[in-house]
1. Do any GluC sites (Glu not before Pro) in the range 11-111 lie in a DSSP loop with no more than 11 other beta carbon atoms within 10 Å, and if so, which?
2. Students often get this wrong: which residues of the range 269-298 have the backbone nitrogen under 17 Å from the point 7 angstrom along Cα-to-C-beta of TYR311?
3. Quick one: which residues, 5 or more positions from LEU135 or on another chain, have an amide H under 5 Å from its amide H? H modelled 1.01 Å from N in the peptide plane, none for Pro or chain starts.
4. Ignoring ligands and nucleic acids, what accessible area does PHE474 show with a 1.4 Å probe (Å², nearest 10)?
5. Keeping all protein chains in place, calculate the accessible area per residue for the chain (probe 1.4 angstrom), answer in Å².
6. Got a sec? What order do LYS90, LYS276, LYS411, LYS125 fall in by accessible area at 1.4 Å, biggest, i.e. largest, first?
7. For Cα pairs less than 8 Å apart in space and 6+ apart in sequence, what is the mean separation divided by the residue count of the range 1-127, i.e. the relative contact order in percent?
8. If I model a spin label at LEU364 and VAL303 as a point 7 Å from the Cα along the Cα→Cβ vector, what separation in nanometres do I get?
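The values are calculated or read from the model by the stated rules, or taken from the named source; none is laboratory data. All values reported here derive from a predicted model rather than from experimental measurement. Here the Cβ positions follow ideal geometry from the backbone for every residue, glycine too, while neighbour counts run over all protein chains shown. SASA here: full protein model, heavy atoms, side chains in, ligands and nucleic acids out. Shrake-Rupley method; radii C 1.70, N 1.55, O 1.52, S 1.80 Å.
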Amino acid sequence: MRYRSTRSEEKISAPQALLQGLAKDGGLYVPEMLPAPFIEYNSLRDLSYKELASFVLKRFLTDIPENDLKKLTDAAYTGTFDAKEIVPVKRMTDAFSVAEMFYGRTCAFKDLALSLFPYLLVWAKAQENDGKQILILTATSGDTGKAALEGFRDIPDINIMVFYPSDGVSPLQKDQMQKQSGNNVRVAGIDGNFDDAQSALKRIFMSGLREEASEKGVLFSSANSINIGRLLPQIIYYVWIWLQLRKNHSIGENERFNVVVPTGNFGNILAGWMAKEIGVPLGQLICASNENKVLTDFFETGVYDINREFYLTESPSMDILISSNFERFLYYVLGSADKVAAAMKALNKEGRYAVSEEELADALGEITGGWASSEDMKRAIKAVYESYDYLMDPHTAVAYAVYHRLRCEGKIERHSHTVIISTAHPYKFPGIVAEILGLDETGTPYDVLRRIEKKTGIPIPFQLGDLEMKEKRFIDIIGKDDVADAVSEYMDDIMNIRMRNE
Ligand SMILES: *Cc1c(COP(=O)(O)O)cnc(C)c1O
C-alpha cells in the first residue's frame, strides 16, 4: 500500500512515509485507500494482542513480509506491558466499560504506539539501506517525550533527543525524563513553553542543519503523532476492545458499541474511526475535550477557530488548539487535497477555517464532540470513585464526564454499550487525585503517591515508584534559541561514537 499527502497528490512508499513523517507540502500521510472491511469475529477471537497486531497491520504495511511483521509485533509487545491483555477492558455496568491503556512503560496510552513505532522505523531504514544514523527530535508537553525515550532506548543506529518546557511539565513527568536511561538518548529542558520547543524543532527541520546532517550521515526524523507509524498501531486496540466486549457478552453478535475518547491531537479517536472503516462495529464515536474545546465547537458550528484563550488545565495532554491529526479526518470528509490545503492555509493565516453545512453533516455522521470543565472532571473522578470504587486520571475523567452528560441528555443510544478510553494511570497526576480524595498534597510526588496508595489500596506502578531512587542524568536547561546548537552538538557526539566503534 502506498501513502499520500493530505494536501497534494504526492504519493510515496510506506518506508518513506515512516522516515519522513511530514509530507514536503506540509501535509500528513494517509493510506492511499483504506482497506475494505476485513475484521471478523470467529477467526480473531482467540488471537493474542500481538497476533492481532500483525493481522491488522499487514493490510496497511503490505511491503513487510508477514513473518517479519510478526517478529516486530512480538518484540514490541513482549515484556513491555504490565498486563497480560496489554489493554484490559473492565466492565463497570451493563452500560459502560473502561479500556485501560496505561500498563506500558510510561503509564500512558502513548506506549501502545511507541512500543511498536521504533521497530517500524528500523524496518523502514533497512529498506532504504543508506547506512545513515537516525536522530529523532521530539518536543513534548509531558507524555510523548518519555514514551518515545523508552521506545527508542538502546535501539541500534537510532538516537533520540527530547526537549520539554522546563516549567511546563509535572514534577513526576520531569523526573521521568531527567532520569531516563539508555546510551542513545539525550534530554534537555528549555527555558520557554511547549510552543517554543515545537517551533524551534520545526525551524531546524526546515533549516540548513538538516541538509548538513544528512551529508554527515544523520537523518532527522520525528516521533510526534503526525507520523503514520504512530497512528497505525492505535487501530489495533479498537479491534481488541471489540473482541473483549464480545467475549464477555457486553455486546451480542450484531451489536455495536460506542467509544468516548479524551482528545488532544486527534490521533487516538482518528484511529478509532479507521477501525470502524475496516469493519469494527462502532456506533457513536465521541471526541471529548477539556476547556480547550476547539473541536467541540467545530462539531457544533462547522468552524475551526483557534482565535481564543488557551487554558492550562489538569488534563495537560489535551491542552492543544491545533489538533494535527484532525487534518487527516478532514481529508476523508472533504475528499479533496485541494480543499484541505486551502483550509490549512486559512488556519495558518487567519487562525480559522469553515466547512459547508453539508460537509459538517458528513463529519457528524462519523464523529461527534463534547467537552467537560475542570469542575465536571473533578466531580467525575469523585463520583466514579464513590460509586464504583474505581479511580480515573483527569484525562479519562474528561471522557467520563462527557459520556455522563450525553447519557443524561438522552444523546447516547438506549441500551447500547459505551467504552471510556482510559489514557493514563491516575498516579501520573498525584496532586489532583490527592486533592479530590481529600489527602495531604505536600511533600514529593512520591510522598503523595504513598498516601493515595494507603487510602485506595491501588499499588504504585513500579514504572513510577522506581523513579524516586534513580539518579538524575539530564538536568540541563537551555535557552529557547540554543536548541539548534544542542542538536548540532549531539549530532557530532553521535558521529564520534560511531567512528570510535568502527
Ligand atoms: C496524548 C494524550 C491524550 C490525547 O491523545 P490524542 O491522540 O493526542 O488525541 C489524552 N490523554 C493522555 C493521557 C495523553 O497522553
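1. Numbers: sites: GLU32, GLU40, GLU51, GLU66, GLU85, GLU100; in loops: GLU32, GLU40, GLU85.
Listed in order of number, the matching sites are GLU32, GLU40.
2. What the label zone holds, given the 17 Å backbone N cut-off, is 287-298.
3. Long-range HN contacts for LEU135: ASN159, LEU219, PHE220, SER221.
4. Rounded to the nearest 10, the figure is 30 Å².
5. Working: 20540 Å² over 502 residues.
Per residue, the chain has an accessible area of 41 Å².
6. Numbers: LYS90 85, LYS276 55, LYS411 115, LYS125 30 Å².
Of LYS90, LYS276, LYS411, LYS125, the descending order of accessible area is LYS411, LYS90, LYS276, LYS125.
7. Details: 147 pairs, mean separation 28.1, N = 127.
Relative contact order, the range 1-127: 22 percent.
8. Result for the modelled spin labels: 1.6 nm.
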